[in-house]
1. Kindly establish whether A:E59 is open to solvent by 30 Å² or more (accessible area, probe 1.4 Å), over 24 Å from B:G165 (Cα atoms), more than 14 Å from chain B (Cβ to nearest Cβ) and touching a Lys or Arg at 6+ places or on another chain (Cβ under 7 Å).
2. I'm trying to understand the selection: among the residues of the range A:79-91, which are open to solvent by 10 Å² or more (accessible area, probe 1.4 Å) and more than 16 Å from ligand 2 (Cβ to nearest atom)?
3. Please determine whether any residue of the range A:189-196 is without any contact (Cβ under 8 Å) to a residue 60 or more places away in the chain and either away from chain B (no Cβ under 14 Å) or touching a Gly at 6+ places or on another chain (Cβ under 6 Å) (or both).
4. From the residues in the range A:44-78 that are touching a Phe, Trp or Tyr at 6+ places or on another chain (Cβ under 9 Å) and within 14 Å of B:A183 (Cβ to Cβ), which one is farthest from ligand 2 (Cβ to nearest atom)?
5. Could you check, for the range B:242-251, whether at least one of its residues is β-branched (V, I, T) and at pLDDT below 90?
6. May I ask you to list the residues in the range A:145-171 that are away from ligand 1 (no atom under 16 Å from the Cβ) and under 27 Å from A:V229 (Cα atoms)?
7. Do the conditions hold for A:A206, that is, is it part of a helix (DSSP H, G or I) and of a type in the set (G, A, S)?
8. Would you check if B:T166 is closer than 24 Å to B:L103 by Cα and within 14 Å of another protein chain (Cβ to nearest Cβ)?
Amino acid sequence: MALLEVRQLTAFHGDVQALWDVSFEVAEGSITTLLGSNGAGKTTTLRTISGILPPRDGEIRLGGERIDGVPPHRIVDMGVVQVPEGRKLWPNLSVQENLVLGAYGRRGRPERARTLRSVYELFPRLAERRSQLAGTLSGGEQQMVAIGRGLMARPVVLMLDEPSLGLAPILVDEVFRVIREIAAQRATVLLVEQNVHRALQIADTASVLENGRVVLAGPAKQIAGDAKVQTAYLGL
Amino acid sequence: MIETLVRVVEAFISALMVAGLYATMSYGLALIYGVMKIINLANAGIMMLAAFTTLVLWQTTGLDPLVLVVVVAPLFFVVGAVLEVVVVRRVSAAAPIVSLLLLFGTWLVMQAFANLIFGGDVRGVRPAYIDSVVHVGDVTLAYNRIFVFVAGAVILVLLELFLRGTFLGRAIRALAQDREACALVGVDTKRVSMVAFGLGSALAGAAGCLLTLVFPFDPTNPFGVLQLKSFTIIVLGGLESIIGVAFASFLLALAENLTVTLSRPQLENLVSFVVLVVVLVVMPGGLAALLRRRRLA
Ligand SMILES: Nc1ncnc2c1ncn2[C@@H]1O[C@H](COP(=O)(O)OP(=O)(O)OP(=O)(O)O)[C@@H](O)[C@H]1O
Ligand SMILES: [Mg+2]
């Protein structure tokens, strides 16, 4: 049984349907990636899993237990944590306050001092800037805070929504290195990316979304070799 | 000449004394607006009910409002929390005008209620020290004003410690900046909104309790004018920080006092209205934006 299962998920923004029967699985300890171009429904999928957007239909299970319909803060308490698109930091709180608030939930709070130390080890630059307001950081640093804040919750599954978006190549390398490390030591990873090439390099499994539907799914290696993916997403 | 100088110094000091009360009542409004993007038009109603509650408690127990505030503020925390759950929450997704009208209606209901129970007479709480003053050089200070200032300052410092030092307090500040991000770290945003509305109401309650020592009051006055003053203060001081609110409170009180000292007492209440209009027209971002522009220039 997969750790996280999404079955026949249907979701709407108001009256506009955004997801049609989306199904995929995330195996424990793996990196699963959800690919697709602008507007494909990747963010909508993650927001539905997080409980921000209640699904119209379908099931979401964590370790076999239904989590669809559960409010967002309870989903965090169950260990499903999201690092949102665009980072969504609190700009007028300090770096450290942003991180510590990441441990607001039931899982993170008792461990917060220890997790904070390990986040500063993972991102030494954040330790130097701990008292700076998050809004004054560079884009790369803000992304590190966002990932660090997600880790503070002690996730079982960490969902990252386009963590490399808008970053300089050297920082993209850094982000992908960190994702590998997270998957190896801390949490199962569900990665949403438009950087298809890099995502397929580190992922175990991949699903491709188009217009709110899963059009392709399988082991990352196989997806990377798919002729359609190569022309549509990899520019080969 | 010397006499004018003494009067100006007096105006400064009494402005400072009133600023504690002003800041207490305005920060509640700022807190609620920051978190829920709702203007609590019932703020003045809560102050008024707190003033009458204090009056009744003072008459029955003989305890000073400075002591009663410890009971009255938590009581109005509960009132605010209930108001949030029963009224505000239902319209939080609707257009701003809906909550505005609903809370304005709530204020009118509170006024009618107070008129019914307490009548329209002007009241006040007059403990033994009410007419005592202390002389510092040539400047005369009334005890009640000193006490009210100190109480207001203590309340705001405690609130600030809570907002900066606890998980719940930080969540309240974070909620004002990005609500969805709060949900994503496990904050029960509905519950924290309720707490924020409760805290804002507790501040209004504390202000209502303390003002019984310095202003005579009835179900309508001076609460309507104070409401306008709170708007002026948060427009001037911004919603971000307690320092901005405190500073704006002092500036407004000073402008009022200088007007009274150097011109006519009748103009006092006109000052806040003029300041409000000037701020909105000339410096829409309030003091904070003005300072920021300075720093950039
Ligand atoms: N809040 C919203 N209200 C209405 N429609 C929305 C909303 N958010 C997304 N949509 C629509 O839903 C569809 C899926 O959007 P979504 O944000 O999930 O795509 P995405 O795959 O994350 O794209 P991107 O790579 O640009 O982030 C799009 O057609 C989008 O316009
Ligand atoms: Mg997206």
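1. Considered against the rule, which asks whether it is open to solvent by 30 Å² or more (accessible area, probe 1.4 Å), over 24 Å from B:G165 (Cα atoms), more than 14 Å from chain B (Cβ to nearest Cβ) and touching a Lys or Arg at 6+ places or on another chain (Cβ under 7 Å), A:E59 comes out as yes.
2. A:L89, A:P91, listed by residue number.
3. Yes; the residues of the range A:189-196 include at least one that is without any contact (Cβ under 8 Å) to a residue 60 or more places away in the chain and either away from chain B (no Cβ under 14 Å) or touching a Gly at 6+ places or on another chain (Cβ under 6 Å) (or both).
4. Only one residue fits best here, namely A:H73.
5. Yes, the range B:242-251 contains at least one residue that is β-branched (V, I, T) and at pLDDT below 90.
6. A:V157, A:L158, A:A168, A:P169, A:I170, A:L171
7. Spelling it out, it is not the case that A:A206 is part of a helix (DSSP H, G or I) and of a type in the set (G, A, S).
8. Taking the combined requirement at face value, the residue does not satisfy it.
The values are calculated or read from the model by the stated rules, or taken from the named source; none is laboratory data. Because the structure is a prediction, the values reported are computed rather than measured. Cβ: placed from backbone, ideal geometry, glycine included. Neighbour counts: every protein chain shown. Please note that ligands, DNA and RNA were not included when accessible areas were found on the heavy atoms of the full protein model with its side chains. Shrake-Rupley method; radii C 1.70, N 1.55, O 1.52, S 1.80 Å.
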